[in-house]
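Here's the structure, in structure tokens; my notes come after.
The values are calculated or read from the model by the stated rules, or taken from the named source; none is laboratory data. Not measured: the values here are computed from a predicted model. Every residue, glycine among them, receives a Cβ derived from its backbone with ideal geometry; neighbour counts consider all protein chains shown. Surface areas here come from the heavy atoms of the whole protein model, side chains and all, with no ligands, DNA or RNA. Shrake-Rupley method; radii C 1.70, N 1.55, O 1.52, S 1.80 Å.
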Amino acid sequence: MRKAWIVATVAISSALAFVMLLVVGVYIVAGNLANGIGGGAKALAKGAVPAAYSDLVQKWGNLCPAISPALLAAQLYQESGFNPRAQSHAAAQGIAQFIPGTWATHGIDGDGDGDRDVWDPKDAIPSAASYDCELASYVKKVGGNPTENMLAAYNAGAYAVIKYGGVPPYTETRNYVKRITTLSESFAAPVGRVDPSEQAAGAIEYAQTKLGTPYLWGGTGTAEQGGRFDCSGLTQAAYETVGIKLPRVANDQYNAGPHPARDELLPGDLVFFSDDLTNSRAIRHVGIYVGGGYMIDAPRTGAVIRFDPIDTPDYFGATRVTEDGAKALPTPV
């Protein structure tokens with residue numbers, strides 16, 4: 001019995017030493033990739049847009065040069081979380097959150113069935129793209145970035161953009177432009193390696209201190225909960241210790257940065273799991289990657305926070321968390 005205990009202790013110590021080497025490696029890789037290529041292109045990241053709307057977003061997101069599928073996806077996510085039945089207190093309706101007056105003027109029959117239905121994504125998504133492009137045409141002679149000018153016109157009106165010769169000096173408008181352009185990066189398929197997060201090592205270090213803690217559904221680590229966590233509560237708390245505020249639930253955490261491929265994972269990346277590999281809104285589990293094909297996660301009721309392999313049939317993808325990406329996320333979606 002004592003021999004088995006010694007073997008187990010040595011194994012755990014070796015595993016922790018291995019993880020610490022990986023954590024140190026984050027900083028080495030960060031230095032090597034500091035000048036790497038990040039960002040996105042025209043293609044959408046895998047599963048970032050629910051499959052029911054992906055083709056629509058891909059098609060209509062290329063309607064004019066001022067927009068892209070990723071930018072259109074970011075707007076839809078910001079407006080409704082891809083909920084076609086969403087309705088705000090201000091009477092904004094549908095997946096694109098048109099108010100009735102704007103819909104009456106700018107809604108189009110996107111699917112050619114003879115009607116314009118604000119509740120039908122096949123009309124609302126094309127209408128959102130069409131409206132963006134119409135705004136872009138209003139401000140096309142203004143200097144600067146045409147996409148930023150279009151977003152500013154969406155928020156503050158075309159007149160303000162023309163008056164100030166670009167994004168107007170309104171805090172709300174400038175925040176909106178930054179939020180949507182940043183958020184669009186999490187919907188775009190990366191065209192090269194994405195830069196590692198400087199905070200990754202700290203997030204892993206925190207998660208390590210919680211190894212062996214019993215799982216609690218809805219747990220966020222408070223004293224009242226005995227310091228216990230569920231999966232997204234753990235990842236949220238780990239990144240909060242390094243100054244990054246993530247949303248509470250896993251499927252929103254997926255949008256906190258760009259998405260590295262499986263063979264590009266680095267320690268600190270969030271890794272996600274789902275029973276529907278075509279829809280990030282269906283994600284049900286998240287962990288923190290530590291390298292070597294393993295993550296630290298809070299798996300389920302009756303289990304403890306532990307190391308688990310990530311290469312399972314329900315592996316959905318990963319997110320390299322960025323501070324700007326997390327800040328861009330809408331607070332309740």
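Structure notes:
- The magnitude of the dipole of the range 209-315, with charges of +1 and -1 set on the Cβ of Lys/Arg and Asp/Glu and taken from the Cα centre, is near 320 debye.
- Of the solvent-accessible surface of the range 51-187, computed with a 1.4 Å probe over protein heavy atoms with every protein chain present, carbon and sulfur atoms account for 50 percent.
- Cα-projected label distance for Ile99 with Tyr170, points at 7 Å along beta-carbon direction, nm: 1.2 nm
- A Cβ-based charge dipole, computed about the Cα centre of the chain with Lys and Arg at +1 and Asp and Glu at -1, lands at about 700 debye.
- Cα extents for the chain along the principal axes, largest to smallest and rounded to whole angstrom: 78, 39, 35.
- Within a Gaussian network of the chain (alpha carbon springs, distance under 10 Å), most fluctuating of His285, His89, His106: His89
- With all protein chains kept in place, the per residue accessible area of the chain amounts to 46 square angstrom at a probe of 1.4 angstrom.
- Nearest-ten-degree value, helix 69-80 long axis tilted from longest Cα axis of the chain: 90 degrees
- Of all lysines in the structure, the ones whose alpha carbon falls short of 19 Å from that of Lys46, not counting any fewer than 8 places away in one chain, are Lys59.
- Against the chain, whose longest principal axis comes from its Cα atoms, helix 2-32 is set at around 40 degrees.
- Estimated distance in nm for a label pair at Ala43 and Asp55, the labels positioned 7 Å out from Cα along Cα-to-Cβ: 1.9 nm
- Cα gyration tensor, the range 198-328 - rounded (a/c under 1.5), prolate or oblate: rounded
- Length gained on full extension, Asp314 to Asp276, computed as 0.36 nm times the residue gap minus the Cα-Cα distance: 12.9 nm.
- Of all the options Ser137, Ser280, Ser197, the one that moves most in a Gaussian network model of the chain with Cα springs shorter than 10 angstrom is Ser137.
- Summary of the geometry: the range 174-203 and the range 86-147, compared by the centres of their Cα atoms, lie 26 Å apart.
- Evaluated on the range 61-212, the Kirkwood hydrodynamic radius is 17.0 Å, with distances taken between all distinct Cα atoms.
- Sites Glu224 and Ala261, calculated FRET efficiency, Cβ-Cβ separation with R0 41 Å, nearest 0.05: 0.55
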